[in-house]
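Since the structure comes first, as structure tokens, the remarks are kept for the end.
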Amino acid sequence: MKFTRLTAVARKETLHLIRDWRSLTLALAIPLLLILLYGYALTLDLRNVPTAVWDQSRSPESRELLSLFTSSPYFSLKTSRDNYQELQKDLDSGRVMVAVVIPGDFAAKVQAAKPVQIQIIGDGSDANTSRLAMNYASNIGAIYARTVAAEQMLLKGRGKLKQPVDLEQRSWYNPGLRSQNVLIPGIIALVMIVVAALLTSTTVAKEWETGTMEQLISTPLRGPELIFGKVVPYFAIGMIDVAMAVVMGKWVFNVPIVGNAALLFAMSSLFLTGALFFGLLLSIKLKSQVLANQLAIITGFLPTLLLSGFVFAIENMPIPLQGLTYIFPARYFIAILRGIYLKGIGLEILWLNALFLVIYALIMMVVANRKFSFKLE
């Protein structure tokens, strides 16, 4: 393999890419759109859940309880109702997602220090939000119960209420539990697989479809020189996309890199290399731009989105699917990204994930070169 011929192919591919302004725009615009779309739209945080109230007590005690809901950032009290039929209409129409029902004897039982039940009704058609909202509502109920118990003990002259167990919660690496801190690193993997696999999946196929491959075959060019030369400009674009994603994560979504940024870019280059040669392999085998693009989406984008731990925790998946995730490199890359982004750890802990990325990149390079036939059939 001669370096001069490889650089000539890389220069030719770069000129093609520059002249094909649609593909170039797509390669730079897709990351921006994906980061903005997923960064803003895909959130696992609970905020301002529309809530309805049926306060049958209408007492200072019930208003004190409801003030905890109104002061919470998690709930937004939208309406007050007087029966279950109206609450059901609100839930059916989607105007509210949670309903709080306070019984008529609420104040009397609170004053008498008797147990009283408050009903929280959630819209189970959105199971995740409903579950989170009801957990937060339960916490508010517990806070109110402790406050009432403390006040009653003071009134009876028994001093302050002492908790038998004081549970102190602390979340390491992501103290505010912001979902964007977890999602932004995952979006980098998604951006890279989209740009790399989709763009390179058309490169060789385009040469066969337009008939220019016959001209290349007539030159002294060799297969590996063509393969590696074609990858070079897309590798540069992929690394530019990574830099854009990192900058947007920091300045738009306030997600800084806690660990080593140079290590992040080094690991990104490994994942990018594997993804580029994977797309090239599809292009070589299928010799059809449309087919290669479609297969790149099915085998690259979808597993990265669904089976990498980006959105759904791998530990919660069925055992067969958990086993399937090991063959997708995005699983290892997202673990690396989150380790560097959130935990600030290095290769002393992430070396095994990095090793899998190296193996994946090498396998893709070798297979793509072996499958490429630089002759007419």
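One table, with the values for the structure above:
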{"item": "Calculated P(r) of segment 29-162 - Cα pairs past 17 Å, %", "result": "64 percent"}
{"item": "Largest to smallest accessible area among THR299, THR200 [probe 1.4 Å]", "result": "THR299, THR200"}
{"item": "Kirkwood-type radius of the chain, with distances r between different C-alpha atoms, in Å", "result": "24.6 Å"}
{"item": "For the chain, calculated [θ]222 nm from helices alone, where every DSSP H run of n ≥ 4 adds -39500 (n - 2.57)", "result": "-21000 deg cm²/dmol"}
{"item": "Sulfur and carbon atoms: percent of accessible area, the chain [1.4 Å]", "result": "62 percent"}
{"item": "Nearest 10 degrees, 0 to 90: helix 347-371 Cα axis against the chain principal axis", "result": "40 degrees"}
{"item": "Where the chain is the region considered: accessible area per residue in Å², 1.4 Å probe", "result": "54 Å²"}
{"item": "Residue among ILE257, VAL116, SER308 farthest towards the positive dipole end of the chain, charges placed on Cβ", "result": "ILE257"}
{"item": "Distance between modelled label sites at SER71 and ARG22, nm, 7 Å Cα→Cβ extension", "result": "5.9 nm"}
{"item": "Helix axis angle, 261-286 relative to the chain longest principal axis, alpha carbon, degrees", "result": "60 degrees"}
{"item": "Shape of segment 297-371, Cα gyration tensor, a/c cut at 1.5", "result": "oblate"}
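The values are calculated or read from the model by the stated rules, or taken from the named source; none is laboratory data. None of the values given here were measured: they were computed from a predicted structure. Positions of Cβ are backbone-derived with ideal geometry, glycine not excepted, and every protein chain shown enters the neighbour counts. The accessibility values were calculated without ligands, DNA or RNA, using every heavy atom of the protein model including side chains. Shrake-Rupley method; radii C 1.70, N 1.55, O 1.52, S 1.80 Å.
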